[in-house]
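Q: Mind looking over this structure? Questions follow.
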Amino acid sequence: MAATVRTVERTSEPPRLRVGRRARVLLAHREILLNLVRKELKVKYTASVLGAVWSLLNPLVYLAVFTFVAKVLGAGIPDFPVYLLSGLLAWNLFSSSLTSGAQSVLDNSNLVKKVAFPHEILPLASVGVALVDFVLQSAVLLVYILAFYGLHWPELALWPLAFVALLVLSVALALWLAAMNVRYRDVGHLLNIGLVVWFWATPIVYASYQAKHLAESGEWFGISRFAFFLLNPMTGVVEGFHRALYAVVHPPGQPSPVLFDVSLAWVAGLLALVLVASLVGLRLAWGYFFNRSGDFAEEL
Amino acid sequence: MTESPAIEVHDLSKRFRVFRERPTSLKQRLLTSRSRAEDLWALHEVTVDIAHGSTFGLIGHNGSGKTTLLKCIAGILRPTSGSVTQRGRLAALLELGAGFHPELTGRENVYLNASFLGLSRRQTDAAYEDIVAFAEIEDFMDSQVKFYSSGMLVRLGFAVAVHVDPEVLLVDEVLAVGDEAYQAKCIDRIRTFQREGRTIVLVTHALDTVIEICDRAMMLHHGRVHTVGQPRDVVREMRYVLLGQVDEGFVPEEGTREAEIAEVQIVRADGRADGPVRRNESLTIVVDVRANQPVDDLDADFQILDGATNYPVLDARTSTAGIPIDRFEGKKRVRFRVPSFPYDPGRYWVTIGLSSRRTGALYHVQTQRYQFEVIDAPRIQERVEVPVQIEIEDL
């Protein structure tokens, strides 16, 4: 043990967020984070016979249903289950991080009022729980891909980048929404509606090329509508996952491409852009959360 | 170790805004240009230092700001103005079993709760056996706590709490729960913490506990510091306030001091000057008087008041008893002997007065400065003849 005595001074001034120092504080409290995630998972699956299998069953059912439905409907996307799930799993991580993250501080008001701990842990735990589900479900998808589809090598390298961008974006928004929700309780309701719109604005169930094609045919203020389409960071993220796992831009025998007909580097660049924007967003959201968190105990 | 205080509270004020109609939605926020809020000052310019390694008692009636102060020190609440400087690792026990979830087992909850109190997994592993033994619920550690009785929950929460390892420990009313044996266990544990040189801040309503274990105490009254100092003095002050004695004109000590009360002892039947007084046993109030200049008309009196009702139950005065005190300078001793104190068990206040027989002018009065407790004398059931009737009936 170092002989230095930790000195804390608390004043009316909200302390400035120093990212490095705060990150160390969070790291020191990682035990709480892990325990909270563990708790959530336990609570979710206690008293259910199958337990975590439920979480795996979800993508399995999707795979089964869409293998069949896609054939019947003859949707213009071959191997539709792979296409759908590679994007949908990312979306699920995103949307459940946001939904439960937004409620995290409110739901734990008793803790916030009675225990001194870094409150960031609460939305982070929400993301953590979503992350565990994501990992389990991705494993199912991976098995399916290995069995029926095959991995595509250079494309797969996009996966880590897409994953990090998704995670940073989810954390940033979860922090921001959690802090907002303490003051304005309608954030939760607004979010539910917003997520529905957002889901359909993101190329998950439909071929991303179609969206690109439609968007490119017009322009607003002299800028291609496609640029506006890309303002949705989830478009970039989902397209990253598509490219990494579905990988085939223009399946043979199809009249038009399925994915964005751009180079791999282009997608990587888009992901990098999303990541940078998400990091900036994270810094802002964290600053806002940190600033507000001193008043949480009072406002709940 | 460090010389600087473990906690420095400087000019601390905390304002709560009490909203009549609080804008908790965007619509309200947009429609009402100004929220109607009333200010409530929970703390007002509180300044206090708490020395490293000391045990500090914080008392005051409900709503006096004790818990708010504790929360400001812990960093749960942000001060409105002023500052709190705190040195060393801190753990705040504001609630037993923080984070306990009914669906988790006792074991899982121990780990969860311990992490909130700042224990690492390894520390919890090491303390786990101790915690279970302390809580005395070995057989239930693997059942969900929703099946626990409330007593078991409290014991488990407390068992985790006492295994924290902070340099500064804030405790809020945790000691107030549980039966006597449990409370004794708590006090025991606090004493261990004291021996280990930890700084403890204790919020409690148990005034005797404060006298018993604190080095210093502070009384808050409507968010302001009312008294800081020796626990005994602060508690006495608190009792005045609790008994509704802080009227405008209340003066605990007054007089011209030609003659002074040098010392007062309340001697029990067994000759001791402390401990409880047994009901129906004798009581002697010994007043040592010091005359700073020749006094020839001294009149000494005492009054005993019931602590519960503040009603005088017994008094006596040298002049009315026809016992003159001759002119003297220097010291004299007055003994008021009560052969048998017949009143109910409870607390009693003692007021001592010195005055002038001739003019009635007060030389020195200590109002409700002393107190004692009356308990029922323990009784051994004796055998007596009780006739027993026996009947046998055919059915």
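Read-outs throughout are calculated quantities, based only on the coordinates presented, and are distinct from any laboratory measurement. In this text the structure is predicted, and so the values were computed from the model without any measurement. Quick reminder, even Gly has a Cβ in these numbers, built from the backbone with ideal geometry, and neighbours come from all protein chains shown.
Q: With +1 assigned to the C-beta of every Lys and Arg and -1 to the C-beta of every Asp and Glu, and no other charges, what is the dipole magnitude of segment B:118-177 about the Cα centre in debye, to the nearest 20?
A: Taking the Cα centre of segment B:118-177 as origin, the dipole is about 200 debye.
Q: Whole percent per 5 Å bin, from 0 to the bin with the longest distance: what is P(r) over all C-alpha pairs of segment B:159-235?
A: 3, 14, 26, 26, 18, 10, 4
Q: Okay, next question. How fast does chain A diffuse by Stokes-Einstein, in µm²/s, taking the Kirkwood radius from C-alpha pairs at 20 °C and 1.002 mPa s?
A: The Stokes-Einstein estimate is 102 µm²/s.
Q: Based on the Cα gyration tensor of chain B, what are the three equivalent ellipsoid semi-axes, each the root of five times an eigenvalue, rounded to whole Å and given largest first?
A: Values for chain B, descending: 47, 34, 22 Å.
Q: Could you tell me what fraction of 2.2 N^0.38 Å the Cα radius of gyration of segment A:36-182 comes to, as a two-decimal ratio?
A: 1.20
Q: Using the basic label-point model (7 angstrom from Cα toward the beta carbon), what is the A:Val8 to B:Gln183 distance in nanometres?
A: 3.1 nm
Q: Please work out the C-alpha center-to-center distance from segment A:100-127 to segment B:303-338 and express it in whole Å.
A: Computed from Cα coordinates, the inter-centre distance equals 63 Å.
Q: What are the ³J(HN,Hα) couplings of segment B:64-71, residue after residue, when phi is run through the Karplus curve with 6.51, -1.76, 1.60 and θ = phi - 60°? Round to Hz, x for glycine and proline.
A: 7, x, 4, 5, 4, 4, 4, 5
Q: Related question: In whole percent, what relative contact order does chain B give with Cα contacts below 8 Å and a gap of six or more residues?
A: 14 percent
Q: Select from B:Ile59, B:Ala159, B:Leu40 the residue farthest towards the positive end of the dipole of segment B:32-162; place +1 on Cβ of Lys and Arg, -1 on Cβ of Asp and Glu, and compute about the Cα centre.
A: B:Leu40
Q: With point charges of +1 on the Cβ of Lys and Arg and -1 on the Cβ of Asp and Glu, referenced to the Cα centre of chain A, which listed residue (A:Leu161, A:Thr235, A:Leu270) lies farthest in the positive direction of the dipole?
A: The Cα lying farthest towards the positive end belongs to A:Leu161.
Q: Now, a different point. In square nanometres and to one decimal, what's the mean projected area of the convex hull around the Cα atoms of segment B:43-98?
A: 4.7 nm²
Q: Moving on. Among A:Tyr83, A:Ala139, A:Pro123, whose Cα sits farthest toward the positive end of the charge dipole of chain A (+1 at Cβ of Lys/Arg, -1 at Cβ of Asp/Glu, about the Cα centre)?
A: A:Pro123
Q: When the Debye formula is applied to the Cα atoms of segment A:142-201, each taken as the same point scatterer, what base-10 log of I(q)/I(0) results at q = 0.16, 0.30 Å⁻¹?
A: Treating every Cα as an identical point scatterer, log10 I(q)/I(0) equals -0.73, -1.14.
Q: To continue, here is another question. So who's got an amide H within less than 5 Å of the one on B:Ala262, skipping anything under 5 residues away but keeping other chains? H placed 1.01 Å off N, in plane.
A: B:Asp288, B:Val289, B:Arg290
Q: Additional query: A 22 angstrom limit on the alpha carbon distance is what I want to check against. Which of A:Lys114/B:Lys14; A:Lys39/B:Lys146; A:Lys44/B:Lys71; A:Lys39/A:Lys113 exceed it?
A: The pairs that break the limit, which is 22 Å between Cα atoms, are A:Lys44/B:Lys71.
Q: Rounded to the nearest 20 debye, what is the charge dipole size of chain A about its Cα centre when +1 sits on each Lys and Arg Cβ and -1 on each Asp and Glu Cβ?
A: Its charge dipole is roughly 900 debye.
Q: Based on the alpha carbon coordinates of the protein assembly as shown, what radius of gyration and maximum Cα-Cα distance (Dmax) apply, in Å?
A: 36.0, 127
Q: What are the ³J(HN,Hα) couplings of segment B:125-133, residue after residue, when phi is run through the Karplus curve with 6.51, -1.76, 1.60 and θ = phi - 60°? Round to Hz, x for glycine and proline.
A: My calculation for segment B:125-133 gives 3, 5, 8, 4, 4, 4, 4, 5, 5 Hz in order.
Q: Quick check for me: using +1 on Lys/Arg Cβ and -1 on Asp/Glu Cβ, what's the dipole size of the protein assembly as shown about its Cα centre, in debye to the nearest 20?
A: 2300 debye
Q: Restricting to Cα atoms and excluding each atom paired with itself, what does the Kirkwood estimate give for segment B:288-392 in Å?
A: 16.8 Å
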